[in-house]
Structure formats: C-alpha cells, structure tokens
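Beneath this line is the structure, given in structure tokens, with notes to follow.
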Amino acid sequence: MPAKKDSIPTHGNKSAEAGDGWKPAEKKYEEAHFIDQQQAVWNYSLFSDADIRNFQRGTHYRLYDFFGNKQLEVLGTKGTYFAVWAPNASFVGVVGHFNDWNKTAHPLKVRQDHSGIWEGFIPGVNEGEVYKYHIHGYKGIRLDKGDPFAHRWEKRPHTASITWQTQYDWKDGDWMRTRKKHNATSAPYSVYEVHLASWMRPDKNDEETYNTYTQITERLVPYVKEMGFTHVEFMPVMEHPYDGSWGYQGTGYFAPTSRFGSPQEYAAMVDAFHNAGIGVILDWVPSHFPYDAHGLFMFDGTHTYEYADMRKGYHPDWNSYIFNYKRGEVKSFLISSARFWCDRFHTDGLRVDAVSSMLRLDYSRNDGQWEPNEYGGNGNLEAIAFIKDLNETLYRDFPDIQTIAEEATDWPRVSRPTFEDGLGFGMKWMMGWMHDTLDYFKMDPLFRQFHQDKFSFSMMYFYDEHFMLPLSHDEVVHGKSPMIYKMPGDEWQKFANLRVLYTYMFTHPGAKLLFMGDEFASTSEWNYKSELPWELLEHAPHAGMKKCIQALNKLYRTEPALYEKQFEPGGFEWVDLNHRSESVLVFMRKGKKEKDNVLIILNVTPVVRNDWEVFVYNKGKWSEIFNTDDKAFWGTGDVYNPAIKSELVDKPSRCYKIKLNLPALGAIVLR
C-alpha cells in the first residue's frame, strides 16, 4: 500500500527508497509538499507590518508578545520561535545545549524590511532549554549575548537565557477588582522596602544562600501583614549579574531573577501578597545598564541600546551606560518592560530609579563633559519625552496603579499630569524632607530650638507635588550609620528620639516608605551579603520599636484625617510653632469630616512638660490615642493623658485651651 501523506517524516530525515510502493507522481507531490511546509516554517513570523512600524517609532508597548522565545506549534511541528533585534549584525544564530553550542547550526533569518529583526522557528526546542544568540556584529566582531526579552535566565554566575514563559493561574481577582481604592492618593499608603536576598537567608553568614520565592512568601507575607504596611516595595527583582549592584544594574528587563526560583514562583509570591491585602511595588531602572558581556551593552558590536556619544551615553557615577531615549526601538523596549510587569505580574506600582540622572544632561558632569540641548539648556529632551510617554501609557492601561519617581532635585511638576505640563508620575520621593528631618534629629536637643525652620520648612513646598516620605536603603549604607545611631543621647534617648521621628513621619502628610530593619532599630548598616539582625528582637528596646511601628501603621490606616486629604492644603494646619526655646511643635491633620481631625504634639527635648497649654478651635473634647512613651514601646509609661482638661477661652471664635502632659522626647496624638 502507498504511504499516507501525513506519514511523511516532517524533518526529511528519511527518504523513500525504490520499490517502496510509491508512484513517481505521489513521490513528487510529497517532496513538493514537504518543501512548501519547510519554507512556511522558515518564513514563520509573529510580526505584522504595523508591529514593525510601531516598534521603530517607539510606540509598540507589547514587545514581550513578539520578541524573545515562544514555544509554539507551526504546521503541526512543536518548537520555539526566536526573535531578536540586532540591526548591525551580519549573522545571528541560536546556540545552546540542544545543538551542542554549534554556532552555525540554527541561523535566524533577518527580515527584509530594514527593521534589524532576526527571527526563526526551531523545531524540537522546548521549554527549559539554555540558549544564547551568537552574533556576527559590527566590523566582524563575534558576540554571544543573552536574550533581552527572555523571561528566565540561568542563576548567576552563569549567563545564558532559558526558554520559558510566564503563564500563571492567578487567584487575586478580588484584589485586582478593588485595588484602585488601595492605591489611591486618598488612601493610606505605607510601604515596606525590601531587598529579597538579605531580608532573611537560610544561612545568615553565607551570601550564596537564598530563600526561594516560596520560602520568602511563607515568611515575608505574614510579617508585612503583622506590621500593618499597606504595600511592599522590592528593590529590583529583574535579573542582574552582580549582587553588589543590589539589582540596579540589570540584564533581564523581562525576567524575575532566578536566584529565588521560577517566574511562576515569583507570581505566586505576588499573588499571596494580594490575597493578604498588600500591594506590590517594584523598583524599575530605565536609567542605565551594566557593561557585562552577555548583556545589552554593544549588543551587536556597536551602540544598539545606548547613546553612541559618551557625553550622553555613559554614567560616570555608576560605570554604566545610558539608554538612547531618542531611538524608537529602545523606547518601545523600555515601555514594554514597564508594561510587562504590570500586565504579566499584576504589579501595583513602579518606583522609577534615578530619574534625576535621566532628566539632566549635566548630571554628575563638569563643564565640557556635556552638550546643551537644542535650546541651550541642560534638560535631556528625549528622556523627558520618554518619561511622559511611559506614564501616559501605564496610567492609560493600568489606571489603578502608581508610578513613583526617585527624583532628588527641584525639577518642577514631576507628579503632575502631562496635560498640565508635568512628567506624569503619581508620586515623587520627598528627598528634601528626608534630609532636613534627619539633620534636625541628629542634633543635640539643646540646639534644636535654633533650627526649627529646618523642621517646618517641608510644608512650604509640600503641595508642589504628591510626595512620598522615604527613609530608604540609601540612608543606612556607605557609612551613613543605621537609623538608631543617627540619634543623639544615651540608649534610652536614642530610642525615644527615633520613636518621635517615626511618629512625625507617619503623621506628616504624604505616603510613607521605611526600609527593612528600620522598623526594629537595626544596630548595623544594611549589608546585602548577610541578613537583618533579627536576634535584636529578643531585646526590649528593639521589640518596643517594632510595636511602635505596628501602632503607627494602625494609626495611619484607621484615622481618616491622616490619609483622606494627605495631598490637599486643607488636610494640614500648623497649630503652634511659637515655642522654639522649648522645641514643642503642634500641628493638626484634617479629614473630610471635622470630627475626624487629629492633633499631634511633638516634644523634641528630654524634658517632661506637665500642664502644657495648647489652643485649638471648634473642638473642646479630646482624648489621647497614641503616645510614644508607652511602656509597650520601651517608653517610661509615666507621662500620659487619661483625662484632658479643656477650657473655652473665647466663645465667639470657639477657642479652647487644653492642658497636656508631654513626655520627654515624646510625641502624642489626640482625637
């Protein structure tokens, strides 16, 4: 009997022999059919002409659906489709374990539309294969590069990509449907900043040991829930080669790091946070990338992703390279990366790193090391346009997230909409508040009376932006000392000072961010090679500090006056700044309803002040709802206000005088 047509070997590795029963016409048909099929597989592409145009124009924001590796079935043949952008290459092949790293065995085909895209379908390559692109680049240079769009990489120090996808059965539907209210600027927004590797390790003294995403989930989710934070922020989880960069010099813009497990295990961790009612923010770095040989630098032998002019393309501070924001393909790459994390991994916010360095052509450069823009200024017009497009795209597609700028200068309108000539971020780090506040609290209390303006100045410019108050990892590294040792005085005074600082932070308008370890007053600077000093919680001062942060988070979440109008001028009022010599400061936070208003009194000297008089309007009855001197926080517990005396002193204005007992180096909150 003649062989059936569908029994012809797909790969042509078996030929029909004479006498096998085939008629010449049938044999000719089968050979032609096989050639047509082989040609169809060879020409297979995911890209349309519109995709190419948008990619080149910088307006394609779903590149992760097209580039990288895709496990597919083409004309009945299972394998993997590869696509990579290498516009200056003369040859690109896929090499890996599956072909014994043969550099010519599996060439890709360059598209004939001048897009610089190389693509091809390789039968038999399944999920889990290790691979790189072998590139003949500019002037004949030979390179082996990881896949910029890979979703999984080998664990460092290995540097190859892995064929893998991001499918995950999400179970956070309730969170996704309601997260708009959790991420709103009129909601409590208290962020716990975490470096996943060093938060906790299997062996605290061995930097080569990591908890898996699953183990981190089991430990971190209940801890963040217990502490009362509304959000967690991960220092970069994107794949990166060097631990010492803390993730800020990345190579995998579409891949959770393999240090802790698979993309699906990472997704399960996010899922668990959402099901615990906690939002997830990611640090994302579109400002620069490292020069590792397998990464983006000189990708096809010349400046593909980075500016060719090193006055714009090189970061002197970080020995890294700056993305070419003018190039449409690079812009599409970066915005696709940002969108990828929100789309595939349900990210609730992106904290964009080093925005100041992107905005300014003269950032960390002296005269002669930078060139002004076409208008003679120092703004990087291409980066500014990119940032605006980034925020417009993310808020269009994910209106219930937040983008947060780490921007350390006075660049105007960072967190204003682009239609108001802003950059379009949802929030901006309030670096001025952080520096002024730390400088103030570092002082001997005796001298604070002379520097009250440094303390109160933040409210002069607070309403220019939607600010987040950051006490981040940057403040407890590189010789800056841990938070507790920034405080003056003996041990008791240090802890009392820090409790007041934290109370000021949580009652000041704006979102909050606290770095891991600060919540229990770590006594060592953060070290990415070890883990947090959890043993400190065996000691009363540190256990008390942890309870204080728990109480402050609860206060912030449950008192509407502390969040409802946190970005509105009507949400804050200075009540008393006239006692400089005693260093007592009083302010009020206001909610939508007057009955929700709260009064905050800070006594930042080590002197107990009994029967301290404060004048307030409209409300005569007050009760103490928070006191940093509580014994549970390792305070004395001796100075508190069980019954607050009130006296109407001016009936027409409804002015009341209330008398309070103020603990030394203490803060109290009244409602």
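None of the figures in this text is laboratory data; all of them are computed from the coordinates on show. Worth saying up front: this structure is predicted, and the values here are computed from it rather than measured. Neighbour counts are summed over all protein chains in view; Cβ atoms, including those assigned to glycine, are modelled from backbone coordinates with ideal geometry.
Annotations for the structure displayed:
- 10 Å-binned pair-distance histogram of the chain (Cα, whole percent): 3, 14, 22, 22, 16, 10, 6, 3, 2, 1, 0, 0
- For the chain, with +1 on Lys and Arg beta carbons and -1 on Asp and Glu, the positive-most of MET545, VAL598, TYR133 along the dipole: VAL598
- The Rg/Rh ratio of the stretch 539-671, with Rg taken over Cα atoms and Rh as the Kirkwood radius over Cα pairs, comes to 0.97.
- P(r) tail for the stretch 453-519: Cα pairs beyond 20 Å make up 36% of the total.
- For GLY666, the residues whose amide H sits under 5 Å from its own are ASN603, THR605, ignoring neighbours fewer than 5 places away on the same chain, with H placed 1.01 Å from N.
- The stretch 438-596: C-alpha gyration tensor shape, a/c 1.5 cut-off, then a/b vs b/c: prolate
- Solvent-free Debye calculation, one equal scatterer per alpha-carbon of the stretch 190-429: log10 I(q)/I(0) at 0.09, 0.18 Å⁻¹ equals -0.39, -1.43.
- Residues of type lysines that LYS657 reaches as a straight line, Cα spacing below 23 Å, ignoring anything fewer than 8 places off in the same chain: LYS590, LYS593, LYS595, LYS619, LYS621, LYS645
- Kirkwood Rh (inverse of mean 1/r, distinct Cα pairs), the stretch 544-595, angstrom: 12.6 Å
- Ordered by the count of other Cβ atoms within 10 Å of each Cβ, fewest first, SER524, SER458 give SER524, SER458.
- Beta bridge orientation in the stretch 190-429: antiparallel %, DSSP, nearest 5: 30 percent
- Farthest toward positive dipole pole in the stretch 87-191 [+1 Lys/Arg, -1 Asp/Glu at C-beta], among THR178, GLY124, TYR189: TYR189
- Part-to-part distance (alpha-carbon centres) for the stretch 266-318 and the stretch 394-467, which is given in Å: 24 Å
- DSSP beta bridge pairing in the chain, given as percent antiparallel to the nearest 5: 70 percent
- With a Cα cut-off of under 28 Å and a minimum spacing of 8 residues unless on different chains, the lysine pairs in the stretch 190-429 number 11.
- Cα coordinate range in the stretch 49-162, projected on the principal axes (Å, largest first): 38, 36, 28
- Fewest-first sequence of MET483, MET176, MET431 by Cβ atoms within 10 Å of each Cβ: MET176, MET431, MET483
- Here the stretch 279-353 has an Rg and Dmax of 13.4, 41 Å, counting Cα atoms alone.
- Residue exposure proxy: ARG219, ARG609, ARG589, ARG351, ordered by other Cβ atoms within 10 angstrom of their Cβ from fewest to most, comes out as ARG219, ARG609, ARG589, ARG351.
- With the simple spin-label model, which puts each label point 7 Å out from Cα in the Cβ direction, the GLN449 to LYS621 separation comes to 3.8 nm.
- Cα-projected label distance for ASP317 with ASP144, points at 7 Å along beta-carbon direction, nm: 3.5 nm
- Potential lengthening of the chain between ASP367 and ASP172 amounts to 65.0 nm, from the contour at 0.36 nm per residue minus the alpha-carbon distance.
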